[in-house]
Amino acid sequence: MVSAKDVLDEYKNNEVRADGKFKDKIVQIRGKVGDVKKDITDSIYVTVGTGATLEIPEVQCFVKDGEAKAAAALNKGEDVTVIGRVDGLLMNVLVKDCVINPNMKLCDRMRVALGGPGECKAGELTALHMPDKTEIAVVCVAEKEKFDKVTTSASLKTTDNRASLVSSSQSLCMAIMATEKGPIPQPLIDKVQKALDTL
């Protein structure tokens, strides 16, 4: 994930270098909602920036089909995360096929797959807070190589019985589970494993 400030600073400083870093890549960007509007072709877009007044350029995210409801729920100035394919600079940094708050949607899918208990809360890492005080954060990656690298290094660090890493090479998703009181029950780990395979 990259901040809107970092993306905008890169493009302000050197557009050619920024294109090399971001253009035609799927990028997850976090920032503040600017405007939620439609262009002349009736396509919905959300501008994302740092929250500064009269910010030029901004990240302009054209939302993917099916994201109109998520766009309509946004409010100016609130935190947002978007993921989409960067198209380069044309007045604003254009991002196509954007999904709004993808981690919250992923968390909700995990909650439903586990039978509905708990509540998804956004933060540094969006997590499902279960009634038994277990927290489950789900992260998915787009490439198998990155998935293998992350799961290998993360599993080496999971030594506390109050934490567990569950991964699915099927969905390229992993769940980081933590609880105040250990150990995490094996039936819950098995349920999370099954849920990950269906994401």
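Among the residues making up segment 136-168, those that are modelled with pLDDT of 80 or more and under 15 Å from Ala195 (Cβ atoms) are Ile136, Ala137, Val138, Ser164, Leu165, Val166, Ser167, Ser168.
Looking only at residues of segment 169-186 that are assigned to a loop (DSSP other than H, G, I, E, B) and aliphatic (A, V, I, L, M), we find that the one that is modelled with the lowest pLDDT is Leu172.
Restricting segment 90-129 to residues that are among the polar types (S, T, N, Q) and outside any loop (DSSP other than H, G, I, E, B), the residue that is modelled with the highest pLDDT is Asn92.
Does Asp24 satisfy the criteria of being among the acidic types (Asp, Glu), on the phi > 0 side of the Ramachandran plot, touching a Lys or Arg at 6+ places or on another chain (Cβ under 7 Å) and not assigned by TED's automatic domain parsing to the domain that holds Ser171? Show your work before the answer.
Working: among the acidic types (Asp, Glu): yes; on the phi > 0 side of the Ramachandran plot: yes; touching a Lys or Arg at 6+ places or on another chain (Cβ under 7 Å): yes; not assigned by TED's automatic domain parsing to the domain that holds Ser171: yes.
For Asp24, the condition - among the acidic types (Asp, Glu), on the phi > 0 side of the Ramachandran plot, touching a Lys or Arg at 6+ places or on another chain (Cβ under 7 Å) and not assigned by TED's automatic domain parsing to the domain that holds Ser171 - is met.
Lys76 meets each of the listed conditions (1) of a type outside the set (Ser, Thr, Tyr); (2) in contact with a Leu (Cβ under 9 Å, 6 or more places away or on another chain); (3) at pLDDT 90 or above; (4) not in a strand (DSSP E or B) apart from (2). Search segment 177-193 for residues being in contact (Cβ under 8 Å) with a residue 40 or more places away in the chain and surrounded by 13 or more Cβ atoms within 10 Å (Cβ to Cβ), and hand back the single one that is nearest to the chain's Cα centre (by Cα). Going through the qualifying residues, I end up with Met177.
Among the conditions (1) over 19 Å from the mean Cα position of the chain (by Cα); (2) surrounded by fewer than 18 Cβ atoms within 10 Å (Cβ to Cβ); (3) not small (Gly, Ala, Ser), Asn92 misses just one, which is (2). Among the residues that make up segment 3-24, is at least one of them more than 19 Å from Ala122 (Cβ to Cβ), in contact with a helix residue (DSSP H, G or I) (Cβ under 8 Å, 6 or more places away or on another chain) and part of a strand (DSSP E or B)? No, there is no match, as no residue in segment 3-24 is more than 19 Å from Ala122 (Cβ to Cβ), in contact with a helix residue (DSSP H, G or I) (Cβ under 8 Å, 6 or more places away or on another chain) and part of a strand (DSSP E or B).
If a residue must be in contact with a helix residue (DSSP H, G or I) (Cβ under 9 Å, 6 or more places away or on another chain) and either over 17 Å from Pro102 (Cβ atoms) or among the hydroxyl-bearing types (Ser, Thr, Tyr) (or both), how many such residues does segment 37-50 contain? The qualifying residues number 3. Please go through segment 51-75 and give me each residue that is surrounded by fewer than 16 Cβ atoms within 10 Å (Cβ to Cβ) and of a type in the set (Val, Ile, Thr), ordered by number. If the condition is that a residue be surrounded by fewer than 16 Cβ atoms within 10 Å (Cβ to Cβ) and of a type in the set (Val, Ile, Thr), then Thr53, Ile56 are the ones that fit.
The values are calculated or read from the model by the stated rules, or taken from the named source; none is laboratory data. These numbers come from a predicted model, not from an experiment. Cβ coordinates were reconstructed from backbone atoms using ideal geometry, including for glycine residues, and neighbour counts include every protein chain displayed.
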